[in-house]
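**Q** Can you keep this structure in mind? I'll have questions shortly.
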Amino acid sequence: MTRSIRPLVAGNWKMNGLKADLAIAAEVAKGYDSTLKAAVDLAICPPATLLYLATAALVGSRIATGGQDCATHDSGAFTGDLSAQMLADAGAIFAIVGHSERRTLHGESNATVKAKAEAAQKALLVPIVCVGETKDERQAGKALSVVKKQLRGSVPDGSTAATLVVAYEPVWAIGTGLTPTADDVAEIHAAIRAELARLLGKPAASGVRLLYGGSVKPSNAADLMNVAHVDGALVGGASLKAEDFLAIARACG
Ligand code: PEP
């Protein structure tokens, strides 16, 4: 952790969740007690169909909501897309952009991710910009260079600690139960902080929250969250169980 940075634990529900599953959000809110509130910020990113309802269910809980993607455009003939302004209108505070599933399954380039992050910021959402190497890239010793290139291509110019969150999510760790070693996470997170300092200047970069994501669960959260420059977690599968999500949050406290 970076002691001067308030950690954030964000849940990415992906394409999971019907109205009945808002009970998970309600249970998280119930467990977000004063001790946790003093220590860590929480956010839940449900599917877009539940965003408004989740935000309403979480009113008064101090738990934020977020979208899982946003369009590059403000409005217009883009059937099926959702603008950042629409997400904000539904109550979102954050928008995940550049998740590896979007980069891979929807062919999103760094330029597209940057345009989405800029659109999010324009709508006063905080983009959670995801970066991370594939298994082949790590095995080829390219993890650092891949992540730095993604950052250079995806992070909006002029971002600040208040307008940007970065999530390091090694693709091979997402949903697999595999995690990098603490040393590997430390190396990448330190490099992300240094690259952000080059891009945004040191004062801005030193406060940006850097989340780790990829198979975070209650059993490994403390080890991962204790790594330098890890300021919270982006949690997929484990965010669908309130007790697990809260246990991960406690590991940041
Ligand atoms: C994710 O998809 O952002 C993620 C981190 O997934 P999981 O926690 O399931 O690996």
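The values are calculated or read from the model by the stated rules, or taken from the named source; none is laboratory data. Computed from a predicted model, the values in this text were never measured in an experiment. Every residue, glycine as well, gets a Cβ built from its backbone with ideal geometry; the counts of neighbours run over all protein chains shown. These area figures cover heavy atoms from the full protein model, side chains too; ligands, DNA and RNA do not enter into them. Shrake-Rupley method; radii C 1.70, N 1.55, O 1.52, S 1.80 Å.
**Q** When the residues of region 147-188 are filtered to those that are assigned to a loop (DSSP other than H, G, I, E, B) and among the hydroxyl-bearing types (S, T, Y), which remaining residue is nearest to T112 (Cα to Cα)?
**A** S159
**Q** From the list L196, L224, exactly one residue is more than 14 Å from the ligand (Cβ to nearest atom), more than 14 Å from the chain's Cα centre (by Cα), surrounded by 22 or more Cβ atoms within 10 Å (Cβ to Cβ) and not in a loop (DSSP other than H, G, I, E, B). Which is it? Walk me through how you get there before you give the answer.
**A** Working: L224 fails: more than 14 Å from the ligand (Cβ to nearest atom).
Result of the check over L196, L224: L196.
**Q** Further question: Any residue in region 189-205 that is in contact (Cβ under 8 Å) with a residue 12 or more places away in the chain sitting within a Cβ distance under 9 Å of a residue that is acidic (D, E)? List the pairs, counting only those 6 or more apart or interchain.
**A** Note: pairs meeting the criteria are H189/D231; L199/D157; L200/D157; A205/E195.
**Q** Still on this model: In this structure, is R3 within 16 Å of the ligand (Cβ to nearest atom), open to solvent by 20 Å² or more (accessible area, probe 1.4 Å) and charged (D, E, K, R)? Steps first, answer last, please.
**A** On the way: within 16 Å of the ligand (Cβ to nearest atom): no; open to solvent by 20 Å² or more (accessible area, probe 1.4 Å): yes; charged (D, E, K, R): yes.
It is false that R3 is within 16 Å of the ligand (Cβ to nearest atom), open to solvent by 20 Å² or more (accessible area, probe 1.4 Å) and charged (D, E, K, R).
**Q** Could you say which residue among A143, A123 is in contact (Cβ under 8 Å) with a residue 12 or more places away in the chain, over 18 Å from the mean Cα position of the chain (by Cα), away from the ligand (no atom under 16 Å from the Cβ) and open to solvent by less than 30 Å² (accessible area, probe 1.4 Å)?
**A** Working: A123 fails: over 18 Å from the mean Cα position of the chain (by Cα).
The unique qualifying residue is A143.
**Q** Same structure, new question: Residue check: is L105 free of Cβ contacts under 8 Å to residues at least 12 places away in the same chain and either in contact with a His (Cβ under 6 Å, 6 or more places away or on another chain) or surrounded by fewer than 20 Cβ atoms within 10 Å (Cβ to Cβ) (or both)? Step through it out loud before you land on a result.
**A** Numbers: free of Cβ contacts under 8 Å to residues at least 12 places away in the same chain: yes; either in contact with a His (Cβ under 6 Å, 6 or more places away or on another chain) or surrounded by fewer than 20 Cβ atoms within 10 Å (Cβ to Cβ) (or both): yes.
Judged against the criteria, L105 is a match.
**Q** Does region 146-171 hold any residues that are open to solvent by 10 Å² or more (accessible area, probe 1.4 Å), of a type in the set (V, I, T) and within 16 Å of the ligand (Cβ to nearest atom), and which are they?
**A** V171
**Q** May I pose another question? Can A117 be described as within 15 Å of the ligand (Cβ to nearest atom), crowded, with 23+ Cβ neighbours inside 10 Å, of a type outside the set (D, E, K, R) and modelled with pLDDT of 95 or more? Step through it out loud before you land on a result.
**A** Working: within 15 Å of the ligand (Cβ to nearest atom): no; crowded, with 23+ Cβ neighbours inside 10 Å: yes; of a type outside the set (D, E, K, R): yes; modelled with pLDDT of 95 or more: yes.
When the stated conditions are applied, A117 does not pass them.
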